[in-house]
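Below is one structure; the comments refer to it alone.
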Amino acid sequence: MTTAIIVLHYGDLRDTCTCLDSLSRLEGDSFQVIVVDNGTFPAAADEIAKKYPHTHVIRREVNGGWAGGNNTGIRYALDHGAKYVVLLNNDTTVSPNLLNLLLQASGEMPEYGVLGPLISFMDEPDQIRTDGFTFNLDDRFEDGPLLVIPAGKDGKAQKIAELLEKVGIQAKVKGDIVLAGKAKILDAAMQRKAAVVPALAKALAAVEGLPTRVAGTIPSAFRKSLEELSPTLPKELGGGSIAPVSRGLSWGAVGADLSAEKLQLRAIVQAKDATDAADLGRLAEKAIAILREQAEKETPEFAKGLQALQPEVKESQLRITLDARAVDGVVMPAIAKFREAAVRTESMNNLKQIGVAMHMYYDVYKTLPAQASYDKTKRPLLSWRVHLLPYLDQAALYKQFNLDEPWDSPNNKALLDFMPAVYRTGREAGVGTRFMVFLFCLVILIVCITFLLGFGFVFFVG
């Protein structure tokens, strides 16, 4: 077979039969229909196999969900030589020319790895549910993400790579940058020639002089996909064409200085021209207003911090600038209250986990854990925190402790740094306030941009 059509059955047998009836009228040859019975009663699978003898039925003992069931069918298809795989919900019907159209599109666009057809509503076939999409999955990402770290010209690249290796992250040096990721993607990246992205260079230059910089741009392929998937803006933003965003937005950059003397943050979005910048400015104001309205209902402190974000349109750019006065007067007080609430929530969750672990301990030993365990001379050895480890998903760590030795023995003391975070308060595990300021502003900017775009930014951190 050249093509495998996988139908996942679970639930109403009538839907599956209706789907298979439509597939029986499908044009083309060299295709196989595969039905995966996702853990239903055997009688359903038997009936399908009897009624549709040319269909291959795979029975699963348990329901693996949408992903698990389809993966079963995909594995079978690939093992039997399928070049193409079509995933089809069992509550759908298909046009006779579906397969021919998809194969034709695949031949005309070999650079794309996943294709989708036009889909209409079953009860209202004249109403389009989605007009299809194309998505190209670059094989360089098949083995996980690639982290690119610019190390500068001062020879720090090798030291950064060695530091990453010490914490279990594979890394290699290429010129003045460090590449980190799994072995396969590292080898591929080392062999590739880096492509110049002028938009990123311009974005980083716009926040030159600030120690921490983040730049982003929209790949050309995503601009088209964005217009295909979301041709209109959300109604909350006024509706209308997505073009001011998909075509009018060139790049974005955020720069920050977190030092006490020069605390500032600058965000810049470059538009194609002044008209697009004005459109983006209005959209940004609406997006921030919506975020503020939502935050006021759930986290009022967070909403106060949003007051400092005031977009300003200057020629073909949209800018947001925060200086020390704005940060100290508005953002930092809001973050302080926000962090206090987060710490309180985290501490409550930690206490709940400890409480559940104690109940599990009681179910086994019919008593709660003592303050500590003792040796024959009544000398304290290990506290209750160690004895609860198996009930906090830390059985491996528990087995490393020598239970007949005190907590400060060489072996046991070395393990204290690996005790789970559930025993620490949120304040102990927290990060610096100034770094939180940067994260706060950066997240807000990214949320605003992705609220406009839906997806598709490529980020470079410097």
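The values are calculated or read from the model by the stated rules, or taken from the named source; none is laboratory data. Predicted model, so just to flag it, every value in this text is computed and none were measured. Counting neighbours? That spans all protein chains shown, and the Cβs are built from the backbone with ideal geometry, glycine included.
Give me the residue from region 114-149 that is modelled with pLDDT of 80 or more and of a type outside the set (Ser, Thr, Tyr) and, out of that set, nearest to residue 178 (Cα to Cα).
Quick first cut of region 114-149, residues modelled with pLDDT of 80 or more only: 114-120.
Keeping just the survivors that are of a type outside the set (Ser, Thr, Tyr) gives 114-119.
Numbers: 114: 32, 115: 35, 116: 37, 117: 41, 118: 43, 119: 45 Å.
Top of the filtered list is 114.
Determine whether residue 377 is surrounded by 13 or more Cβ atoms within 10 Å (Cβ to Cβ) and modelled with pLDDT under 90.
The answer is no for residue 377.
Within region 280-328, how many residues turn out to be at pLDDT 70 or above, out of contact with any strand residue (DSSP E or B) (no Cβ under 6 Å at 6 or more places or on another chain) and either of a type in the set (Asp, Glu) or not in a helix (DSSP H, G or I) (or both)?
Residues in region 280-328 being at pLDDT 70 or above, out of contact with any strand residue (DSSP E or B) (no Cβ under 6 Å at 6 or more places or on another chain) and either of a type in the set (Asp, Glu) or not in a helix (DSSP H, G or I) (or both): 7 in total.
Only one of 152, 175 is modelled with pLDDT under 80 and either under 22 Å from the mean Cα position of the chain (by Cα) or not assigned by TED's automatic domain parsing to the domain that holds residue 266 (or both); which? It would help to see each step written out before you state the result.
Details: 175 fails: modelled with pLDDT under 80.
After applying the criteria, what remains is 152.
Just one of (1) on the phi < 0 side of the Ramachandran plot; (2) surrounded by fewer than 17 Cβ atoms within 10 Å (Cβ to Cβ); (3) over 31 Å from the mean Cα position of the chain (by Cα) trips up residue 81, so point out which.
Every listed condition holds for residue 81 apart from (1).
Would you mention how many residues in region 391-412 are closer than 16 Å to residue 357 by Cβ and in contact with an Asp or Glu (Cβ under 9 Å, 6 or more places away or on another chain)?
So the count comes out to 0.
Is it the case that some residue within region 373-383 is within 13 Å of residue 420 (Cβ to Cβ), out of contact with any His (no Cβ under 8 Å at 6 or more places or on another chain) and aromatic (Phe, Trp, Tyr)?
no
Here are the criteria: (1) at pLDDT 85 or above; (2) more than 30 Å from residue 384 (Cα to Cα); (3) among the charged types (D, E, K, R). Tell me which single one residue 352 does not satisfy.
Just one mismatch for residue 352, condition (2).
Say we look at region 86-114 and pick out the residues that are among the β-branched types (Val, Ile, Thr) and more than 13 Å from residue 31 (Cα to Cα); which of these is surrounded by the fewest Cβ atoms within 10 Å (Cβ to Cβ)?
Across region 86-114, the extreme among qualifying residues is 114.
May I ask you to list the residues in region 2-48 that are touching a residue at least 60 places away in the same chain (Cβ under 8 Å), assigned to a helix (DSSP H, G or I) and of a type in the set (A, V, I, L, M)?
23
Considering only region 69-104, state which residues are under 14 Å from residue 8 (Cα atoms) and without any contact (Cβ under 8 Å) to a residue 24 or more places away in the chain.
71, 75, listed by residue number.
Go through region 236-257 and give me each residue that's in contact with a strand residue (DSSP E or B) (Cβ under 6 Å, 6 or more places away or on another chain), within 19 Å of residue 315 (Cα to Cα) and surrounded by fewer than 23 Cβ atoms within 10 Å (Cβ to Cβ).
Once the filter is applied, which keeps residues that are in contact with a strand residue (DSSP E or B) (Cβ under 6 Å, 6 or more places away or on another chain), within 19 Å of residue 315 (Cα to Cα) and surrounded by fewer than 23 Cβ atoms within 10 Å (Cβ to Cβ), region 236-257 yields 248, 250.
Can you tell which of 69, 81 is over 21 Å from residue 24 (Cα atoms) and not in a loop (DSSP other than H, G, I, E, B)?
The unique qualifying residue is 69.
For the structure I just gave you, tell me whether residue 219 is over 30 Å from residue 118 (Cβ atoms), of a type outside the set (D, E, K, R), modelled with pLDDT under 85 and surrounded by fewer than 21 Cβ atoms within 10 Å (Cβ to Cβ).
In short, no.
Quick one: is residue 65 surrounded by fewer than 17 Cβ atoms within 10 Å (Cβ to Cβ) and more than 30 Å from the chain's Cα centre (by Cα)?
no
Is there any pair with a first residue in region 189-211 that is at pLDDT below 85 and a second that is surrounded by 11 or more Cβ atoms within 10 Å (Cβ to Cβ) and part of a helix (DSSP H, G or I) whose Cβ atoms are under 9 Å apart and which are 6 or more apart or on different chains, and what are they?
Pairs that qualify, where the first residue is at pLDDT below 85 and the partner is surrounded by 11 or more Cβ atoms within 10 Å (Cβ to Cβ) and part of a helix (DSSP H, G or I), are 189/140; 192/140.
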